[in-house]
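Undergrad: What follows is a single structure, and I will ask about it in a moment.
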Amino acid sequence: MALIFMASATLAMNTATQASQRNTGFMASGQALAQFVEDTAGWGHDAAPDGEGIVLSLRSENQQMLLTVCDNGPGVPPNERRRMLERFYRVTGTVGEGTGLGLAIADEIARVHNTQLQVLDGQGGVGLRMHLQLPV
């Protein structure tokens, strides 16, 4: 898991740095994006069976940077997804030793970058997909 965090953090920081060097107007903080990836991937790691099945993707499309973290865990009912972004809230049945702050921090990072963290059904209805869309 540490390797995923390091690779994704490096990718996020490099993307932010390269975009700003090319004067694309991309104003995201590489450090904030690295924290975002760590928090959302940490959720996915805790939710997925045996901590496996996390997929991170970062791509550029239509003047947007799309950052997605998917897991293959049990998912979260749609009526609870907004609450899971609140500070100290832990979804019923959540495993792991978290405090309920990681996704609240990820959501705040999205807000600071004038966007929102979307929590959606996972691929094929399995797990969750957390999606962040930023203008480039």
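Undergrad: Sort PHE88, PHE36 by Cβ crowding within 10 Å, fewest neighbours at the top.
TA: Numbers: PHE88 9, PHE36 28.
Listing PHE88, PHE36 from fewest to most nearby Cβ atoms yields PHE88, PHE36.
Undergrad: Here's something else I'd like to know. Ranking MET130, MET65, MET84 by Cβ neighbours within 10 Å, fewest first, what do you get? Mind showing how you got there, number by number?
TA: Working: MET130 27, MET65 22, MET84 19.
With the sparsest Cβ surroundings first, the list reads MET84, MET65, MET130.
Undergrad: Taking amide hydrogens as modeled 1.01 Å from N in the peptide plane, which residues meet the under 5 Å criterion relative to GLN64, leaving out close sequence neighbours?
TA: VAL136
Undergrad: Which of the GluC sites (Glu not before Pro) found in region 29-82 are in a DSSP loop and have at most 13 neighbouring Cβ atoms, other than their own, within 10 Å? Walk me through the intermediate numbers first.
TA: Details: sites: GLU38, GLU52, GLU61, GLU80; in loops: GLU52.
Passing both the DSSP loop test and the Cβ count: GLU52.
Undergrad: Tell me the label-point distance for the pair GLU97, ARG83, using the 7 Å Cα-to-Cβ offset, in nm and rounded to one decimal.
TA: Spacing of the two 7 Å Cα→Cβ label points: 2.6 nm.
Values quoted throughout were computed directly from the atomic coordinates according to the rules given, and no laboratory measurement underlies them. On a predicted model such as this, the values are computed, not experimentally measured, just so you know. For neighbour counting, all protein chains shown are included, and Cβ atoms are generated from backbone atoms with ideal geometry for every residue, glycine included.
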